[in-house]
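First comes the structure, then the notes that go with it.
The values are calculated or read from the model by the stated rules, or taken from the named source; none is laboratory data. Just so we're clear, the structure is a prediction, and the values are computed from it rather than from any experiment. Cβ placement follows ideal geometry from the backbone for every residue including glycine, while neighbour counts extend to all protein chains displayed. These accessible areas exclude ligands, DNA and RNA; they are computed on the full protein's heavy atoms, side chains included. Shrake-Rupley method; radii C 1.70, N 1.55, O 1.52, S 1.80 Å.
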Amino acid sequence: SARILLVDGDGRVLLFNGHEGERSYWFTVGGGVEPGEDIRTAARRELREETGLDLPDSRLVGPVWRRRAVFSFDGRSYDAEEWFFLATTSSTDIDTTGFTLIELDTIDGYRWWTAADLRATSDDVFPVQLGELLPDLLESEWDGETRSVR
């Protein structure tokens with residue numbers, strides 16, 4: 001899947017709050033890569049669908065991170081490879097009218113998080129290292145390497 005670390009002018013990252021059954025968790029913008037799409041194109045499409053933001057390709061940095069995720073969702077098991085891009089925005093107005101039916105059924109809302117908020121929360125957040133790794137990512141220029149995260 002293609003994922004986006006969407007960061008506002010205050011260094012906060014946008015996360016969606018999802019649920020499956022009684023389990024609640026926070027996760028980044030993004031989703032599956034469609035047949036024939038490359039991950040960068042998929043990241044831009046997912047960003048547009050889930051937030052209403054149509055950023056030019058030049059505004060996506062990365063992929064900065066790669067994560068292997070094994071999980072169950074909607075009665076199916078997944079073994080996914082996730083590629084994370086960094087994008088910044090000055091707008092915190094999010095338009096979720098592009099959500100799919102499954103997103104409408106499983107996403108309860110969104111929030112802009114600081115790294116300190118992420119480190120302090122007891123909520124499940126994916127990727128789990130987000131609060132630890134976000135400051136370094138924002139404080140330095142990307143070196144062209146894609147790093148593995150959990």
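The set of residues in the stretch 65-103 being within 17 Å of the chain's Cα centre (by Cα) and β-branched (Val, Ile, Thr) consists of Val70, Thr88, Thr89, Thr92, Ile94, Thr96, Thr100, Ile102. Return the residues of the stretch 62-92 that are of a type outside the set (Ser, Thr, Tyr) and without any contact (Cβ under 8 Å) to a residue 12 or more places away in the chain; say none if nothing qualifies. Hits for the stretch 62-92 are Val70, Phe71, Gly75, Arg76, Asp79. If the condition is being polar (S, T, N, Q), closer than 14 Å to Trp26 by Cα and touching a strand residue (DSSP E or B) at 6+ places or on another chain (Cβ under 7 Å), then the stretch 93-150 contributes only Thr106.
The C-beta contact set for the stretch 130-150 (first residue over 15 Å from Ala115 (Cα atoms) and at pLDDT below 95, second residue surrounded by 13 or more Cβ atoms within 10 Å (Cβ to Cβ) and polar (S, T, N, Q), distance under 9 angstrom, 6+ apart or interchain) comprises Val149/Gln129; Arg150/Gln129. Is it true that Arg40 is closer than 20 Å to Ser24 by Cα, at pLDDT 95 or above, touching a helix residue (DSSP H, G or I) at 6+ places or on another chain (Cβ under 9 Å) and open to solvent by 30 Å² or more (accessible area, probe 1.4 Å)? No: the conditions fail for Arg40.
Looking at the stretch 46-125, the strands (runs of 3 or more DSSP E) lying wholly inside it that each contain 3 or more residues that are open to solvent by less than 30 Å² (accessible area, probe 1.4 Å) and touching a helix residue (DSSP H, G or I) at 6+ places or on another chain (Cβ under 9 Å) sit at 61-73, 76-88.
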